[in-house]
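Report on the structure given below.
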Amino acid sequence: MALMTGEQYIESIRKIPMEIYMFGKKVENPVDDPILRPSLNSVRMTYDLAQMPEYQELMTVISPESGERINRFTHIHRSTEDLRNKVKMQRLLGQKTASCFQRCVGMDAFNAEFSTTFEIDKKYGTSYHENFKKFLRYCQDNDLTVDGAMTDTKGDRSKAPHEQADPDLFLHVVERRPDGVVVCGAKAHQTGIINSHEVIVMPTQSMGPDDRDYAISFAVPLNTKGLFMIIGRQSCDTRKREGGEMDVGNPEFGGVEALTVFDHVFVPNDRIFLNGETEFAGLLVERFAGYHRQSYGGCKVGVGDVLIGAAAVAADYNGANKASHVKDKLIEMTHLNETLYCCGIACSAEGYPTESGNYMIDLLLANVCKQNVTRFPYEIVRLAEDIAGGLMVTAPSEADLKDPKLGPVIDKYLRGVNAVSTENRLRILRLIENLSLGTAAVGYRTESMHGAGSPQAQRIMIARQGNLAHKKALAKAIAHITE
């Protein structure tokens, strides 16, 4: 079974006995929980679109490993065309869900692990690359959703992992056995982990020799003993329990994050991809971050398409669509959004093969892409809120709109263009609210800032990749300076 249907995916997640907590209680049925289900629906879209002939070239690819057609989210990029199609696929999914569809982190982890494990084995004669290829083939053959877990909670940022007052603030090995290792720690901000079959764990930063126990990478299934998740709060999240879809804004799709705890989790040897080779921890982080920063030139652009469309509809419904300043704001939103897409495509087009045979994006352009993503979506949101008007955050509830006494009053006073129902006007405003301030803002606005590394992380990489010495030499040559 190289490709699952959306329904098969849902049922496969239902069968996994995960340990999930939310609002101080264990979630007994996360698949059908009204707060959690929209995030599952977003992942489902990655399976549903893969079944549609019109999206086959973007959503699927023939695997060099098996010769079978697989979901692109389990693919190892082997050309610049693969890299570009990845970004185009992510834009499509952002357009279809207006949320985070959660499989990107696993895909980016696959590609970072593929080349890094190859190079570790070349230096040390280890078997990490074979371990990883076996795991990859298992995920491809079964069309699995895999979470990528990189971000440790970090504790005191001024101290290295081994210097922390509590050693568990960075995930680390606490016991080494002949058949594997035991790890303790936690990974924060794990988007979509409760909707995944497996999790790939990676170190969160470069490490020195004293951090050997922290330089660990591996994969385990989500029903592994000692692994549990605590769901994070989102703005307006409990609206999903109220029964009215209008107030949610995006009732069908969404995202979810969790603090993921590894309490003495055993990892067998054949699931380990890095184990103490500290000099490769930074390389793995750099490559994963590069791929994931490329991803933001696709997914955030797709969600931006929806937000721009929603702002344009709000202008129509408000009767302001012909105002020159509104038209100009929509143009500016489009300009910013397409600039993000340009960066995602550019770093893909400038990709190059690694020693292992898979393709790496241009790291400088990928980091420029993500640096822009930390800024432009905020301006796009600001302009959307400007066009929408204050009613976006002061409108009465759906229950009030449906109330026999209050409904006619709301319909009378909150109607915009007379030909458009008040309900439809409020629906589009709630969608803008959701994307700007609500649960989807976690996967659009705030994640644009902190996902794949906060702004300074990209600036460090831009400084490293920017080749300032070369630029100085160019200037000196033009100025006929001899030193």
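The values are calculated or read from the model by the stated rules, or taken from the named source; none is laboratory data. The shown structure was predicted, so the numbers you read here are calculated from the model rather than taken from an experiment. Cβ: placed from backbone, ideal geometry, glycine included. Neighbour counts: every protein chain shown. Ligands, DNA and RNA are stripped out before the accessible areas are found, and what is left, the full protein with its side chains, is counted by its heavy atoms. Shrake-Rupley method; radii C 1.70, N 1.55, O 1.52, S 1.80 Å.
A few remarks follow.
- Within the stretch 426-435, the presence of a residue that is within 37 Å of the chain's Cα centre (by Cα), in a helix (DSSP H, G or I), among the basic types (Lys, Arg) and farther than 21 Å from SER39 by Cα is excluded.
- Filter result for ARG382 (basic (Lys, Arg), part of a helix (DSSP H, G or I) and either surrounded by fewer than 16 Cβ atoms within 10 Å (Cβ to Cβ) or in contact with a His (Cβ under 7 Å, 6 or more places away or on another chain) (or both)): yes
Residue-wise test of (1) modelled with pLDDT under 95; (2) touching a Cys at 6+ places or on another chain (Cβ under 9 Å); (3) farther than 19 Å from VAL301 by Cβ.
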site: ALA312; (1), (2), (3): no, no, no
site: GLY319; (1), (2), (3): no, no, yes
site: LYS327; (1), (2), (3): no, no, yes
site: LEU330; (1), (2), (3): no, no, no
site: ALA346; (1), (2), (3): no, yes, no
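- Residues of the stretch 340-361 that are under 19 Å from LYS88 (Cα atoms), open to solvent by 40 Å² or more (accessible area, probe 1.4 Å) and either among the hydroxyl-bearing types (Ser, Thr, Tyr) or not in a helix (DSSP H, G or I) (or both): TYR341, GLU350, TYR352, TYR359.
- Residue in the stretch 255-265 that is outside any strand (DSSP E or B), farther than 30 Å from TYR352 by Cβ and without any contact (Cβ under 8 Å) to a residue 12 or more places away in the chain present: no
- Taking the numbered list (1) part of a loop (DSSP other than H, G, I, E, B); (2) of a type in the set (D, E, K, R); (3) within 22 Å of the chain's Cα centre (by Cα) in turn, GLU65 passes all entries but (3).
- Among residues of the stretch 150-174, those that are among the aliphatic types (A, V, I, L, M) and in a loop (DSSP other than H, G, I, E, B), counted: 4
- Search result, residues across the stretch 127-175 that are closer than 19 Å to LEU274 by Cβ, open to solvent by 60 Å² or more (accessible area, probe 1.4 Å) and of a type in the set (S, T, N, Q): SER127
- Check on ALA2, touching a strand residue (DSSP E or B) at 6+ places or on another chain (Cβ under 7 Å), among the small types (Gly, Ala, Ser) and part of a loop (DSSP other than H, G, I, E, B): yes
- If you go through the stretch 51-77 and keep only what is in contact with a strand residue (DSSP E or B) (Cβ under 7 Å, 6 or more places away or on another chain), farther than 19 Å from TYR291 by Cβ and free of Cβ contacts under 8 Å to residues at least 40 places away in the same chain, you end up with just ILE62.
- The number of residues in the stretch 28-40 that are of a type in the set (Val, Ile, Thr) and either in contact with an Asp or Glu (Cβ under 6 Å, 6 or more places away or on another chain) or crowded, with 20+ Cβ neighbours inside 10 Å (or both) comes to 1.
Yes/no per residue for (1) among the hydroxyl-bearing types (Ser, Thr, Tyr); (2) under 19 Å from VAL303 (Cβ atoms); (3) in contact with a Ser or Thr (Cβ under 8 Å, 6 or more places away or on another chain):
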position	(1), (2), (3)
PRO353	no, no, no
PHE376	no, yes, yes
GLU385	no, yes, yes
LEU401	no, no, yes
THR422	yes, no, no
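- Residue in the stretch 440-447 that is open to solvent by 70 Å² or more (accessible area, probe 1.4 Å), in a helix (DSSP H, G or I) and hydrophobic (A, V, I, L, M, F, W, C) present: no
- Scanning the stretch 186-208 for residues that are touching a Gly at 6+ places or on another chain (Cβ under 8 Å), hydrophobic (A, V, I, L, M, F, W, C) and closer than 20 Å to GLN164 by Cβ yields MET202, MET207.
- Failed criterion for ALA477 (all others in (1) assigned to a helix (DSSP H, G or I); (2) within 20 Å of THR238 (Cα to Cα) hold): (2)
- Count - residues of the stretch 228-251 that are buried (at least 20 other Cβ atoms within 10 Å of the Cβ) and assigned to a loop (DSSP other than H, G, I, E, B): 3
- Hey, ARG459 surrounded by fewer than 23 Cβ atoms within 10 Å (Cβ to Cβ) and in contact with a Phe, Trp or Tyr (Cβ under 7 Å, 6 or more places away or on another chain) or not: no
- Residue count for the stretch 290-312, restricted to those that are of a type outside the set (D, E, K, R), open to solvent by 10 Å² or more (accessible area, probe 1.4 Å) and touching a helix residue (DSSP H, G or I) at 6+ places or on another chain (Cβ under 8 Å): 5
- Test: residue in the stretch 464-473 that is in contact (Cβ under 8 Å) with a residue 24 or more places away in the chain, more than 16 Å from PHE253 (Cα to Cα), over 14 Å from the mean Cα position of the chain (by Cα) and open to solvent by 90 Å² or more (accessible area, probe 1.4 Å): no
- Answer residue from the stretch 64-97, given it is at pLDDT below 95 and either of a type in the set (Lys, Arg) or closer than 13 Å to ASN358 by Cβ (or both) and is least open to solvent (accessible area, probe 1.4 Å) among those: GLU65
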